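Have a look at the structure below, then the notes.
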Amino acid sequence: MEKVKKLFKARELTSLIFLIALFAIVGFMNPMFLNPSNVSACFNTSVVYTLIAVGMAFVLFIGEIDVSVGSNLGLVAAVVGTFLRDGQSLVVAIVVAIIIGVVIGLINGWGVCIMGAPSLIFTLGVNGILRGIIYLYTNGAWVENLPKSFKDFSSVTLVGPLTVYYCAVIALVIIIHLILTRTRQGRYFVAVGDNAQGATLVGLPTLKTKMLAYVICAVMASIGGVIFCSRIGFVTPMSGNGYEMKAIAACVLGGISLAGGVGSVIGSAIGAVIMASISYLLVFMGFSSNYDNAITGIILLVIVVIDAVIQHRSLVNNRHARLAARVSASTPAAEATAADVNAEKGGEQ
């Protein structure tokens with residue numbers, strides 16, 4: 001029974017219910033959507049968003065943020081695209097992509113964790129620098145003519161209509177979730193985000209954990225860039241633009257708190273499916289997909305406000321609980337002191 005109650009209190013369960021309800025509403029408005037191929041398309045198109053959202057989750061766990069993931073993805077996509085176009089092997093391209101991610105993650109971690117710069121401002125600056133590098137690297141041109149086999153692999157299915165990419169990403173999410181919840185080192189991220197000073201006092205490697213969070217976030221965005229190349233088949237200088245907002249919205253929608261220390265990567269993966277499905281669902285509802293960004297912004301604002309209210313109420317309730325505990329603890333002591341004083345007075349008389 002306790003496990004059932006714990007399950008229903010899980011923040012990611014709310015996201016799953018919201019996703020199911022969203023699909024049901026759209027299916028009611030347009031029964032054609034409930035075709036398995038249409039429903040599976042929502043999951044298959046969320047591969048890149050899921051990778052970036054899971055990476056973003058690590059940074060949000062520690063109470064920070066990274067808005068450079070979109071340009072990170074775009075740069076890696078451009079580099080991988082040119083490598084494959086010019087005849088380099090896929091293995092070399094993937095290794096280079098991961099190296100780029102590690103370097104970007106270390107730069108972000110250095111600026112935020114070591115130099116103490118605000119994470120939003122520093123990563124926003126890195127985002128602009130990376131976007132400029134993309135234009136310099138590609139000369140403002142599109143990267144096209146990628147190998148057909150590389151592009152075709154994105155449509156290969158593994159489980160029913162679900163692609164190999166999506167199945168691999170879900171397996172990765174499950175592994176990461178188990179590491180975060182079942183291992184001592186995995187719990188460090190949430191512990192640091194919940195109380196960084198307290199984590200340091202008890203001997204946890206706070207700085208190392210924060211640095212690692214930024215590296216993981218950047219590497220996940222880099223892997224997303226590789227898959228982006230395969231799925232889209234070409235890369236523009238603006239590729240990845242706006243993906244950071246989608247990733248943040250997916251995490252928050254999945255139950256991860258912007259204050260840090262709360263949430264799971266399972267929730268971020270569910271939120272990624274929701275964010276990836278918006279433009280697709282709008283078509284079946286008879287609306288233009290141009291509303292996608294506006295709806296994303298509205299969802300992000302609403303969830304952030306709700307999260308802020310929940311955090312405020314939790315803080316107030318904790319304060320009241322601590323005050324009540326102090327009062328109840330001090331009352332017997334006060335009564336004992338009064339009794340001692342009365343006894344002394346009685347003895348003197």
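The values are calculated or read from the model by the stated rules, or taken from the named source; none is laboratory data. Quantities reported herein were computed from a predicted structural model and do not represent experimental measurements. Here the Cβ is made from the backbone with ideal geometry for all residues, glycine too, and neighbour counts use every protein chain on show. The protein model used for the area step is the full one, side chains on, heavy atoms only, and it has no ligands, DNA or RNA in it. Shrake-Rupley method; radii C 1.70, N 1.55, O 1.52, S 1.80 Å.
The amide H of Thr163, built 1.01 Å from its N in the peptide plane, has Leu158 as neighbours under 5 Å, considering only residues 5 or more places off or on other chains. For Leu172, the solvent-accessible surface with a 1.4 Å probe is about 60 Å², rounded to the nearest 10.
For the range 49-118, the extents of the C-alpha atoms along the principal axes are 42, 25, 17 Å, listed from largest to smallest. Build a GNM of the chain with springs between Cα atoms under 10 Å apart, and of Ala213, Ala24, Ala93 the one that fluctuates most is Ala24.
Computed over Cα pairs, the Kirkwood radius of the range 190-270 leads via Stokes-Einstein (0.692 mPa s, 37 °C) to a diffusion coefficient of 225 µm² per second. Loop-located chymotrypsin sites (Phe, Trp or Tyr not before Pro) in the range 132-216 (DSSP state other than H, G, I, E, B) with a sparse environment of at most 15 neighbouring Cβ atoms within 10 Å: Trp142.
The string of couplings for the range 149-154 from the Karplus curve (6.51, -1.76, 1.60, θ = phi - 60°) is 5, 5, 6, 5, 5, 5 Hz, one whole number per residue in order, with x for Gly and Pro. Evaluating 6.51 cos²θ - 1.76 cosθ + 1.60 at θ = phi - 60° for every residue in the range 234-242, the Karplus couplings come out as 7, 9, 10, x, 9, 4, x, 5, x Hz, glycine and proline recorded as x. Sorted largest first, the spans of the alpha carbon positions of the chain along the three principal axes are 105, 51, 34 Å.
Can you give the percent of C-alpha pairs in the range 1-159 whose distance is more than 26 Å? Don't skip to the end; give the middle numbers.
Details: 6136 of 12561 pairs.
So the portion of pairs separated by more than 26 Å is 49 percent.
Expressed as a whole percent, the accessible area of the chain that falls on carbon and sulfur atoms is 68 (1.4 Å probe).
Cut-off 10 angstrom, C-alpha nodes, Gaussian network model of the chain. Which of Met32, Met275, Met211 fluctuates the most? Between Met32, Met275, Met211, it is Met32 that shows the largest mean-square fluctuation.
I need the fraction of alpha carbon pairs in the range 119-165 separated by more than 16 Å, rounded to a whole percent. Tail of the P(r) past 16 Å holds 64 percent of the pairs.
Sort out for me the Cα centre separation of the range 227-277 from the range 190-211, rounded to whole Å. Between the Cα centres of the range 227-277 and the range 190-211 lies a distance of 25 Å. Measuring max minus min along each principal axis, the C-alpha atoms of the range 88-177 give extents of 48, 39, 21 Å (largest first).
My understanding is that a pair violates if its Cα-Cα distance is over 31 Å; which of Lys208/Lys246; Lys148/Lys208; Lys148/Lys210 do that in this structure? Listed pairs above 31 Å: Lys148/Lys208; Lys148/Lys210.
Entry comment: accessible area of the chain is 51 Å² per residue, from protein heavy atoms only and a probe of 1.4 Å. As a size descriptor, the averaged projected area of the C-alpha convex hull of the range 71-112 was calculated at 2.7 nm². Comparing Ser155, Ser222, Ser230 in a Gaussian network model of the chain where C-alpha atoms under 10 Å apart are linked, the largest mean-square fluctuation is found at Ser155.
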